[in-house]
Amino acid sequence: MLEKLPMTKEGFTKLQEELERLKRVDRAQAIAALNEAAAQGDLTDNADYRVAKERRDYIEGKIKELENKLALAQVIEAKDLSTDRVVFGCTVLLGDVETDRQVRYKIVGADEADIRNGRISVKSPVAKALIGRRIGEVVQVVVPSGKKEYEILEIQ
């Protein structure tokens, strides 16, 4: 059985929109460029044709990848979640035990992760350490710079 890919409704919608754009716009542009390059004649020495063909192949691969992800998607609605424990889709306010610095992370699917915007993958070490924990608990996380200890201050 194939593993489901957890994602937020927002992440699912973004993937759908990207797939539609690839199918309706990018694919058509790539095919037009390929036909234009092919019309130039000899394909053995035609760099434009090779580039256009690579672009088309990339787009077709990306379309298949997105179709597979959407087929395996398990959309989890944040409004349906309890906030007594850290779960997928929630936002967590953490306090760094050493520095008292606070960070806020939303736990999202791997394709939605964007650390600069406070969105971490459910598969990341921080998210894995947080899942199932409650407010007030301290978790240890191994990060590239070493071990960090965070106290869970808030779950939304």
Next on the checklist: With the cut-off at 1.5 for a/c, could you classify the range 80-155 from its C-alpha gyration tensor as rounded, prolate or oblate?
Outcome noted: oblate
Next on the checklist: At R0 = 35 Å, how high is the FRET efficiency between Ile135 and Gln16 if r is their beta carbon distance? Nearest 0.05 is fine.
Outcome noted: 0.50
Checklist outcome for this item: Charge dipole of the range 46-156 built from unit charges on the beta carbon (Lys, Arg +1; Asp, Glu -1), centred at mean Cα; most positive-end Cα among Asn117, Cys90, Ala47 is Ala47
Checklist entry - About its Cα centre, what dipole magnitude does the chain give when the only charges are +1 on Lys and Arg Cβ and -1 on Asp and Glu Cβ, stated in debye to the nearest 20? => result 280 debye
Checklist entry - Could you give the alpha-carbon Rg of the range 30-73 over 2.2 N^0.38 Å, rounded to two decimals? => result 1.48
Item to check | Column: log10 I(q)/I(0), Debye, Cα scatterers of the chain, q = 0.19 Å⁻¹ | outcome: -1.08
Item to check | Alpha-carbon centroids, the range 78-138 and the range 1-60: separation in whole Å | outcome: 34 Å
Checklist entry - Where both residues lie in the chain, what percent of DSSP beta bridges are antiparallel, nearest 5? => result 75 percent
Checklist outcome for this item: Helix-only [θ] at 222 nm, the chain, -39500 (n - 2.57) per DSSP H run of 4+, per residue, nearest 500, equals -12000 deg cm²/dmol
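Throughout, read-outs are computed from the coordinates displayed, never taken from laboratory work. From a predicted model like this one, the values you see are computed outputs, not experimental measurements. Quick reminder, even Gly has a Cβ in these numbers, built from the backbone with ideal geometry, and neighbours come from all protein chains shown.
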